[in-house]
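Reviewing the structure listed below.
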Amino acid sequence: MDRYIKLGVNIDHVATLRNARGGFYPDVVKAAKIVEISGADSITVHLREDRRHINENDLENLLKFIRVPLNLEIAAQEETIEIALKNKPQSICFVPENRMEITTEGGLDVVKNFDYLKKVIVPLQKSNINLSVFIDPSKEQLQATRDLGIKTIEFHTGQYANTFENNTKSSAELEKIQECVAFANSLNFNCHAGHGLNFDNVVSIAKIVNIVELNIGHFLIADSIFNGLKNSIQKMRQIINEATK
Ligand code: PXP
């Protein structure tokens, strides 16, 4: 049987577009409903400290109206953890946040923040929310994440995507991810991956056995301007399915 990779669609940039004028459109829930009927397995949103994408109201509405699981990306800060515990999305992904960055620039440094993370994850580990961390493909980060008792990781594919675009060293970056996915599998992690993926560079990532979920946002929302959200998602779904045959 073919492998099936779940596709999570990040709709942050629907909210970014809405926020550009501060009104009500494009409507984030409407986008989520289209994502849902277009073959996505989950919806991802990032509640940033500066709320530049979605806000708490969006989070509440999404949880009220969508049927697929919601994956909430947050910084590992007490304020956002409290919001997550109150709203109970199906999963949470800890991402690093730097106020000046345009997008998430790298993985969370679990090694460096180990003691802090160990403390703040306690209430999440007692809840039914599945917790993952967004990390760079690194064995040290994997070992530290395992020691925290976290079972799911999302590998940051941004570096691979950048080198793919510039045609420089993308094979080395790909090998790094391949090796880390194999290592993560030996440690029994569920492996997700995402960041910077598009119709072209997703193929090699989808071919990595043991990756079970991809989270893709910016490219899909950008492509949907020309092709419509449903078509963009269905095309991505098809490319991923082809790659796993
Ligand atoms: N995964 C994580 C953890 C992210 O932070 C992001 C960006 O918000 C994505 C996936 C999606 O990245 P992109 O928007 O580049 O597809």
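When region 217-245 is limited to residues that are in contact (Cβ under 8 Å) with a residue 24 or more places away in the chain and in a loop (DSSP other than H, G, I, E, B), the one that is most open to solvent (accessible area, probe 1.4 Å) turns out to be Lys245. Scanning region 180-199 for residues that are away from the ligand (no atom under 16 Å from the Cβ) and open to solvent by less than 50 Å² (accessible area, probe 1.4 Å) returns Phe183, Leu187. Looking at Glu165, Glu213, Glu173, Glu154, just one residue is surrounded by fewer than 18 Cβ atoms within 10 Å (Cβ to Cβ), closer than 29 Å to Ser224 by Cα and within 16 Å of the ligand (Cβ to nearest atom), and that residue is Glu165. Residues in region 1-58 that are open to solvent by less than 10 Å² (accessible area, probe 1.4 Å), more than 15 Å from the ligand (Cβ to nearest atom) and assigned to a helix (DSSP H, G or I): Ala32 only.
Here's the yes/no breakdown for (1) within 11 Å of the ligand (Cβ to nearest atom); (2) of a type in the set (Ser, Thr, Tyr); (3) in contact with a strand residue (DSSP E or B) (Cβ under 6 Å, 6 or more places away or on another chain); (4) free of Cβ contacts under 8 Å to residues at least 40 places away in the same chain:
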{"residue": "Asn71", "(1), (2), (3), (4)": "yes, no, yes, no"}
{"residue": "Glu78", "(1), (2), (3), (4)": "no, no, no, no"}
{"residue": "Glu82", "(1), (2), (3), (4)": "no, no, no, yes"}
{"residue": "Asn87", "(1), (2), (3), (4)": "no, no, no, yes"}
{"residue": "Val95", "(1), (2), (3), (4)": "yes, no, yes, no"}
{"residue": "Phe114", "(1), (2), (3), (4)": "no, no, no, yes"}
{"residue": "Lys119", "(1), (2), (3), (4)": "no, no, no, yes"}
{"residue": "Leu124", "(1), (2), (3), (4)": "no, no, yes, no"}
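Taken as a whole, the condition of being in contact with a helix residue (DSSP H, G or I) (Cβ under 6 Å, 6 or more places away or on another chain) and closer than 18 Å to Tyr4 by Cβ applies to Ala193.
The values are calculated or read from the model by the stated rules, or taken from the named source; none is laboratory data. Keep in mind that what you see is a predicted model, and the values were worked out from it rather than measured. All Cβ positions, even for glycine, are placed from backbone atoms using ideal geometry, and neighbour counts span all protein chains on display. Please note that ligands, DNA and RNA were not included when accessible areas were found on the heavy atoms of the full protein model with its side chains. Shrake-Rupley method; radii C 1.70, N 1.55, O 1.52, S 1.80 Å.
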